[in-house]
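Below is one structure, written out as structure tokens; comments come after it.
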Amino acid sequence: MSAKRFHLGWFTNFTVNAWNTPGGSPTGPDWKGGFYVDLARALDRACFDYLILEDTCMMPDAYGGSFDAPLKHGVFAPKHDPLPLVPLIAQATTGLGVVATMSTTFYPPFLLARLSSTLDHICGGRFGWNIVSSAEDRAAQNFGLDKMPEHDKRYDIADEFVELVTQLWDSWEPDAVVMDHETGTYADASKVHAIDFKGTYHSSRGPLNTVRSPQGRPTFVQAGASPRGREFAAKCADSIIATAQGVAGMKAYRDDVRSRMESFGRKPDDCKVLFLVSPIIGDTEEEARAKHKRMTTDPAYIEQVLISISSISEVDFSEFDLDAELPPVTTNGERGSLEKFAQAGSGKKLRELASEGMSQSVQLIGTADSVAGQMEELMDEVGGDGFLITRQNLRLTREYISQITDGLVPALQKRGLVRTGYTHEHFRDNLLEF
């Protein structure tokens, strides 16, 4: 049985890209956003479902106890706010969903609801919210807190946050704007409601003072990896950013989330689980494998991976022997990411774990056509729903973007595996089309 059509997204952030890499820009990224607008145009031509802009709100110092290594490599910092990029990207594209990251720990609910509604209007119904609870104590300290709440409590706060902002978005009924010329009435006040929300962590009178947006609410994207995170994602997400260990792990993760969705009374097909992958494309199989080996054995790459996992887990991986098995580690930070990286009980040395990266579910290496075949086989075994392309810990270049959008995607389209056009005007409608 051949795989049914699946979805494609792209995962990146507004940060340093290829400045000291062959084929990269010697001056680094365009902080005016032009590089990302060009990326989005390429993804739009290739009919990707969405571009997600990840974000964090701190300067990391977990690795080695200082800012030195992150700033030397430009890893995890500097990182600019992704929200201003959203309208620039939307104006340059026609069907691509644009997802930005905002934290339920740091944003006031009313501000986030109003901002999201405004952006969904500007994007013509193509805005998405990557719902994060944040995980780093250094971020908490930037907002006047001593440390982050306990891991599961952060999700309790996020649950209430989503309930509140949803009520704010619904405070305008869909037909509240009447524009009645005879009575001179723009909006019917009987269809705009205060919500008077009072919860454990948040309260808001409402209503929003923005008109209901094209989608009603932004498309929800979330990365639930821990058991509590999966519960949260299953409850509200339209799409999930997922990592898992191998094909069996991918299938088990998707099956688990779909089962949790049913427990909330949701249809499993109403949430698309997209697995993070970093395809390595070459003109030949040998070239692709040589390219992969060259990149992932580079000492700078190894350190960049360790900086990244240290930053989100707040575990200092500079303290461990690269050529010894990683001892048990725990965190109040991103538990799912740490568990995926550490592979407890695998017997792998830290250098090997780092060479595998921290975001990939499986390795995809080969020519454009052979990688397309690998992706088809994976979706046959996993059941769906698609992939999120990322270049995390490997520098993003225009050459790599072209390898995916002008090489891999046409190979997937030839097999009938991904869309060749956008059917609907709005992001969520395209996402749920198949």
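Annotations for the structure displayed:
- Among the residues of the range 108-142, the ones that are within 24 Å of Asp61 (Cα to Cα) and more than 18 Å from the chain's Cα centre (by Cα) come to 6 in all.
- Members of the range 210-236 that are among the hydrophobic types (A, V, I, L, M, F, W, C) and within 14 Å of Ser263 (Cα to Cα): Phe232, Ala233, Ala234, Cys236
- Filtered by the rule that a residue be acidic (Asp, Glu) and either surrounded by fewer than 19 Cβ atoms within 10 Å (Cβ to Cβ) or more than 29 Å from Ile302 (Cα to Cα) (or both), the range 27-55 gives Asp30, Asp38, Asp44, Asp49.
- Where helices (runs of 4 or more DSSP H) fall entirely within the range 51-135, those with at least 3 residues that are under 25 Å from Leu432 (Cβ atoms) are at 85-92, 109-122.
- Members of the range 178-208 that are of a type outside the set (Gly, Ala, Ser), touching a helix residue (DSSP H, G or I) at 6+ places or on another chain (Cβ under 9 Å), in a strand (DSSP E or B) and surrounded by 15 or more Cβ atoms within 10 Å (Cβ to Cβ): Phe197
- Taken together, the residues in the range 134-158 that are farther than 25 Å from Gly65 by Cβ, surrounded by 15 or more Cβ atoms within 10 Å (Cβ to Cβ) and either aliphatic (A, V, I, L, M) or without any contact (Cβ under 8 Å) to a residue 60 or more places away in the chain (or both) amount to 3.
- Residues in the range 361-390 that are part of a loop (DSSP other than H, G, I, E, B) and more than 18 Å from Glu287 (Cβ to Cβ): 5 in all.
- Every pair of residues 6+ apart whose Cβ atoms lie under 9 Å, when the first sits in the range 83-106 and is under 16 Å from Asn430 (Cα atoms) while the second is part of a helix (DSSP H, G or I) and aromatic (Phe, Trp, Tyr): Gly95/Phe427; Leu96/Phe427; Gly97/Phe427; Val98/Phe427; Val99/Phe427
- Remark: pairs (first residue in the range 258-269, at pLDDT 95 or above; second residue not in a helix (DSSP H, G or I); Cβ separation under 7 Å; 6+ apart in sequence or on different chains) = Met261/Cys271.
- Screening the range 239-344 for helices (runs of 4 or more DSSP H) wholly inside it with 2 or more residues that are within 22 Å of the chain's Cα centre (by Cα) returns the ranges 246-263, 299-313, 335-342.
- Total residues in the range 56-84, condition modelled with pLDDT of 95 or more and crowded, with 20+ Cβ neighbours inside 10 Å: 1
- Of the residues making up the range 233-284, those that are closer than 29 Å to Gly345 by Cβ, crowded, with 23+ Cβ neighbours inside 10 Å and touching an Asp or Glu at 6+ places or on another chain (Cβ under 7 Å) are Val273, Leu274.
- Residue in the range 211-218 that is surrounded by fewer than 22 Cβ atoms within 10 Å (Cβ to Cβ) and modelled with pLDDT under 95 present: no
- Meets criteria (surrounded by fewer than 16 Cβ atoms within 10 Å (Cβ to Cβ) and touching a residue at least 12 places away in the same chain (Cβ under 8 Å)) for Glu173: yes
The values are calculated or read from the model by the stated rules, or taken from the named source; none is laboratory data. Since we're looking at a predicted model, the values are computed, not measured. In this analysis, Cβ positions are derived from the backbone assuming ideal geometry, glycine residues included, and neighbour counts consider all displayed protein chains.
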